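Participant: Okay, here's the structure, questions in a sec.
All of the numbers you see were taken from the coordinates with simple rules; none came from a lab. This one's a predicted model, so the numbers in the text were calculated from it and none came from an experiment. Neighbour counts run over all protein chains shown; Cβ positions are idealised from the backbone, glycine included.
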Amino acid sequence: MPNDVKQVVIMEMDLNNRLTEDETLEQAYDIFLELAVDNLDPADVILFNLQFEERGGAELFDPSEDWAEHVDFDLNPDFFAEVVIGLADEDGGEINDIFARVLLCREKDHKLCHILWRE
């Protein structure tokens, strides 16, 4: 496919068949844990594992606009969420040391996930 042609993805989605916010966070975190060893620097994996209990977290957001650079479909916030996973300076603080940004489809019949890993 030529570079200037975007693929159009059409998905039928049901508002009544979505993951809850807690389910979305849990699913994103599970995917992160499964793939982190293969996608993060070993030192980052060790740091995250040692610090997560004290300073770690996962926060749910509407997808940021910069996902448009990575995916070729509409990121309707009713069906897509961005989960930021990382460490904060203090327990309960804002995550400022980001290890991954996970884009998930919340519609249960559409298993779709993209991850932007810490470089």
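Participant: Rounded to the nearest 10 degrees, what's the angle between the helix 21-39 long axis and the longest principal axis of the chain, both from Cα atoms, 0 to 90?
Facilitator: Helix 21-39 sits at roughly 70 degrees to that axis.
Participant: Once the cut-off is 20 Å, how many percent of the Cα-Cα pairs in the chain end up in the long-distance tail?
Facilitator: Value for the chain (Cα pairs over 20 Å): 46 percent.
Participant: Within 10 Å, count the other beta carbons around each residue, average over each peptide in 15-23, 110-118, and list them highest first.
Facilitator: Details: 15-23: 11.7, 110-118: 15.1.
Taking the mean over residues of other Cβ atoms within 10 Å, the ranking is 110-118, 15-23.
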